[in-house]
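Quick note: the coordinates plus some simple rules give every number you see, no bench work behind them. Since the structure is predicted, the reported quantities are computational estimates derived from the model, not experimental observations. Ideal geometry is used to build each Cβ from the backbone, glycine not excepted, and the neighbour counts take in all protein chains shown.
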Amino acid sequence: MNPTVAIIGGGSAGLSSLIWCDSLGLDAILFEASAEPGGQMLKMYHRITDYPGLLPRDGRELTERFIDHIDRLNLRGRCLLNARIEKIQSSSPGFEIRSGDQAWNVRAVILAMGAHTRHLEIPGERKFENKGVSFSATRDHPLFAGKTVAVIGGGDSAVENSLILARVCKHVYLIHRSDRFLARPEWLSEARSNSIITIIPNSRAITIDGDSHPTCIQIEDVTTGSRRSLNVDGVFIRIGMEPNSGPVSELVSLDSKGFVKVDANQQTNIEMMYAAGDLCRPVSRSVATAVGHGANAAKHIATRLGRVGHDP
Ligand SMILES: Cc1cc2nc3c(=O)[nH]c(=O)nc-3n(C[C@H](O)[C@H](O)[C@H](O)COP(=O)(O)OP(=O)(O)OC[C@H]3O[C@@H](n4cnc5c(N)ncnc54)[C@H](O)[C@@H]3O)c2cc1C
């Protein structure tokens, strides 16, 4: 039997959408590309202090709370894992969803594919990923105790990562391609006054060199074009997030960075196709925002299908 709603992605936005669809009497099915649900929550290695009502020790515990909720509602069977959706097409009425050689026809879709950390796409970056190139100081800082590292980026995460690393590292270079930092002023001034951190503005990373792990990074001054090498044991890349909007890039309106444009009901420019969480523009990226988006989308779908309240 075809479900009414397809939810694509099993992070916080997708799991919230599933819970809300169930409570609004909408028969929904969730497709998650990986072997376990949770999405970016599984990359949060710190205590979560900003999700109301819970103070989980990390994102895994928060994910477990979400899954426990899913289990209590008997919705585990509605979550298909290892189910990457490659294609979504309009079909009348609604949409056809494809994963491998299977297809489902649904009335509404909630896109909740989230985002992934942006890569620099420079030589050495992929080669040393998880062997000295990292995307999370919160997780990996103990591996660099007493060492010299470079952090690339100029936003909140780059500056926060520099401060975390400065607690254990011998030295931290914070390299940013501009002299305008987008990070919170209080974090930036803390970094500026920290003797462990050297801020190198107006510079971009060119290559990460080494044999089995990084030994140096080459940088170029964007104003003069001059290049130099810094000896480092590790490189942390924090240059923002990229949306996983590939499967719908030809179907819905995206902004210039590939984020899905939505209205106040989380609806895209396509009737009955919604988007929730980090996939959307504009968004303040958080679990609370993603959860709210999922609720909003499910409620609007229920209203449109005349299902508000309990299952008839
Ligand atoms: C290191 C880190 C720390 C953070 N700390 C905090 C914090 O302290 N507090 C806070 O509130 N937020 C924090 N965030 C942000 C928060 O994790 C995200 O805003 C939120 O989890 C986004 O949820 P989402 O469901 O929109 O996307 P995601 O969590 O990215 O989930 C998307 C899911 O969709 C799946 N998917 C993608 N493409 C497909 C496809 N084609 N088919 C099927 N499935 C697909 C993915 O596998 C993934 O499971 C942090 C994020 C990171 C990375």
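Some observations on this one:
- Among Gly234, Gly11, Gly210, the largest mean-square fluctuation in a Gaussian network model of the chain (Cα springs under 10 Å) belongs to Gly210.
- A simple spin-label model places pseudo-atoms 7 Å from Cα toward Cβ; at Ser34 and Ile270 they are separated by 2.5 nm.
- Derived scalar couplings between HN and Hα for the range 159-171 equal 5, 4, 4, 4, 5, 4, 5, 4, 6, 10, 8, 6, 8 Hz in order, rounded to whole Hz, by the Karplus curve 6.51 cos²θ - 1.76 cosθ + 1.60 (θ = phi - 60°), x for Gly and Pro.
- The GluC sites (Glu not before Pro) of the range 6-102 meeting both criteria, a DSSP state outside H, G, I, E and B (loop) and at most 15 other C-beta atoms within 10 angstrom of the site's C-beta, are Glu86.
- Annotation for Arg285 and Asn105: the two label points, set 7 Å from Cα along the Cα-Cβ direction, are 3.8 nm apart.
- Here Met113, Met241, Met273, Met44 are placed in order of increasing Cβ neighbour count within 10 Å, fewest first, which gives Met241, Met44, Met273, Met113.
- Compared with the dominant Cα axis of the chain, that is its longest principal axis, helix 287-304 is turned about 20°.
- For the chain: lysine pairs under 19 Å (alpha-carbon distance), excluding those fewer than 8 apart on one chain: 6
- With a Förster radius of 51 Å applied to the beta-carbon distance between Lys170 and Glu250, the computed FRET efficiency rounds to 0.55.
- Across the options Val235, Leu165, Ile175, the greatest Cα extent toward the positive end of the charge dipole of the range 93-252 (unit charges at beta carbon of Lys, Arg, Asp, Glu) belongs to Leu165.
- For the range 183-312, the share of alpha carbon pairs falling in successive 10 Å distance bins from zero is 10, 25, 22, 21, 14, 6, 2, 0 percent.
- Stretchable slack from Glu86 to Arg126, in nm (0.36 nm times residue separation minus alpha-carbon distance): 12.0 nm
- Taking the DSSP bridge list for the range 86-219 and keeping only pairs wholly inside it, about 60 percent are antiparallel.
- Looking at the range 105-201, the GluC sites (Glu not before Pro) that sit in a DSSP loop and have at most 16 other Cβ atoms within 10 Å of their own Cβ are Glu121.
- Fewest-first ranking of Asp221, Asp58, Asp50, Asp140, using other Cβ atoms within 10 Å as the exposure measure: Asp50, Asp221, Asp58, Asp140
- Model label points for Arg304 and Leu182, set 7 angstrom from Cα along the Cα-to-Cβ axis, are 3.0 nm apart.
- Full-stretch length increase - Ser195, Tyr45 - with 0.36 nm per residue and alpha-carbon distance subtracted: 51.4 nm
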